[in-house]
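Read through the structure below, which is laid out as structure tokens, and then see the notes.
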Amino acid sequence: MKIKNWFQNSILPALVLAAPFQALAVGLTGDNFDFAGDADSDLITAIENIINWGLMLAALVAAIFLIIGGIQYITSQGDDTKAETAKNTILFAVIGLIVIGLAAAIVRFVIQAINVA
């Protein structure tokens with residue numbers, strides 16, 4: 001229980017607060033954006049970068065919940081309700097990772113379809 005409270009009160013807000021600064025830092029370096037190029041391609045690139053950062057953040061959160069579920073399962077000490085809660089946490093984290101992977105594939109497919117047209 002303490003690990004979950006610690007994660008919710010310290011790590012998760014830090015990740016949420018740090019995400020805009022990371023996106024801003026990537027945008028300011030100029031490596032990912034060509035400001036002399038076509039406005040449509042710049043917009044598509046910017047949207048693609050934002051979506052990729054969001055997917056990476058979601059994958060990081062899902063991986064953290066996978067670890068938390070593993071720790072909960074190890075520390076359940078034979079208590080069936082705690083073990084079931086841990087199994088559900090692991091299951092939902094894995095489902096989340098699968099959905100994130102499918103979302104990344106769909107985004108890549110749509111971006112390629114837009115670039116071809």
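Computed values, structure above
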quantity: Pairs with Cβ under 7 Å, 6+ apart, first in the stretch 64-75 and over 12 Å from Leu91 (Cβ atoms) and of a type in the set (Val, Ile, Thr), second loosely packed, with under 15 Cβ neighbours inside 10 Å and modelled with pLDDT under 95; calculated: Ile68/Ile3; Ile68/Lys4; Ile71/Ile3
quantity: Flag for Leu17 being outside any loop (DSSP other than H, G, I, E, B), modelled with pLDDT under 55 and over 29 Å from Ile95 (Cα atoms); calculated: no
quantity: So Leu102, is it within 21 Å of Ala46 (Cα to Cα) and hydrophobic (A, V, I, L, M, F, W, C); calculated: yes
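The values are calculated or read from the model by the stated rules, or taken from the named source; none is laboratory data. Computed from a prediction, not measured in an experiment: that's the story for all the values here. Note: ideal-geometry Cβ built from the backbone for every residue, glycine included; neighbour counts use all protein chains shown.
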